[in-house]
Amino acid sequence: MQKSVSSDIERIHGRPLRLFQDEHAIANRIQEMGSILTQVHRGNSLIVIGIMHGAFMFTADLVRAIKLPCKVDFWRLSSYGDNITSTKSVKEIMTPTLDLHEKHVILVEDIVDSGTTLSYVRQELKKRGPKSVTTVSLVKVKGSPVDVDYVGFISSGEFIVGYGLDIAQELRELPALYYLDTTSFG
């Protein structure tokens, strides 16, 4: 994994941010993950399910990097709301519409920290009877208690925005991943 962490704080849209991974590091890592998933699932058609909203950019780029037939669906859940910490409960807003029974599913998460959302989704997926489930996360927080099959980057646990990840629906549009300086929050 390539390191692009910076100690410099910059203000973007009025928020103090520090670079975690630049857009080139993200693109390279997604290509690597796509190649691995292509090899692991060779000969299979896949259903890729992105967890909304945070994983929408990652899901789109990952699907393009997987060189196999893929159907795409989304599962919209929330465990953060407008907070910078998980509420530890999952609110289900929209469920996948594709039939997952006896299908090979790749579940795409933006970030795995407490594992609340991923644990919930895994339990719900079992009810739908997929043939296999592979979990992929762009970021995993060091020390997270939940296993993920493929991880893009390991984080220290600071709050991350950009590349689809947000704070109160803001900063998703940034092409890189940034740590949010939370010392400015009361």
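Readers should treat all values here as calculations from the given coordinates under stated rules, not as data from a laboratory. What you are looking at is a predicted structure, and each value in this text was computed from that prediction instead of being measured. Cβ placement follows ideal geometry from the backbone for every residue including glycine, while neighbour counts extend to all protein chains displayed.
Figures for the structure shown
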| quantity | calculated |
| --- | --- |
| Proximal aspartates and glutamates to K127, defined as alpha-carbon separation beneath 12 angstrom and excluding residues fewer than eight positions away on the same chain | D99, E102 |
| In order through the range 103-110: 3J(HN,Hα) via Karplus (6.51 cos²θ - 1.76 cosθ + 1.60), integer Hz, x for Gly, Pro | 10, 8, 10, 10, 9, 10, 10, 7 |
| Relative contact order of the range 98-180, defined on C-alpha pairs under 8 angstrom at six or more residues apart (%) | 25 percent |
| Between helix 23-40 and the chain: long-axis angle, C-alpha atoms, 0 to 90°, nearest 10 | 20 degrees |
| Residues of type aspartates and glutamates that K67 reaches as a straight line, Cα spacing below 17 Å, ignoring anything fewer than 8 places off in the same chain | E32 |
| Neighbour-limited loop hits for GluC sites (Glu not before Pro), the range 87-152 (at most 12 other Cβ within 10 Å; DSSP other than H, G, I, E, B) | E102 |
| Average Cα contact separation per residue, the chain, under 8 Å, 6 or more apart, as relative contact order % | 23 percent |
| The range 23-62: C-alpha gyration tensor shape, a/c 1.5 cut-off, then a/b vs b/c | oblate |
| Potential extension, D99-Q31 segment - 0.36 nm per residue separation minus Cα distance | 21.7 nm |
| For K103, residues with placed amide H under 5 Å, excluding near neighbours | K131, S132 |
| Distant-in-sequence amide H partners of T95 (H built 1.01 Å from N, under 5 Å) | R76 |
| Restricting the range 116-175 to trypsin sites (Lys or Arg not before Pro) in coil, as DSSP defines it, with at most 14 other Cβ within 10 Å | K127, K131, K142 |
| Of all DSSP beta bridges in the chain, antiparallel share, percent nearest 5 | 40 percent |
| Cross-link reach list, aspartates and glutamates versus K142, counting only Cα pairs under 16 Å and skipping chain neighbours closer than eight places | E109, D110, D113, E158 |
| Calculated from backbone phi, Karplus (6.51, -1.76, 1.60) coupling profile of the range 63-72 in Hz, x at Gly/Pro | 4, 5, 8, 8, 9, 9, x, 9, 9, 10 |
| Theoretical gain in end-to-end length, S89 to I12 [0.36 nm per residue, Cα-Cα removed] | 24.7 nm |
| Amide H within-cut-off set for F159, under 5 Å, with H built and near neighbours excluded | L180 |
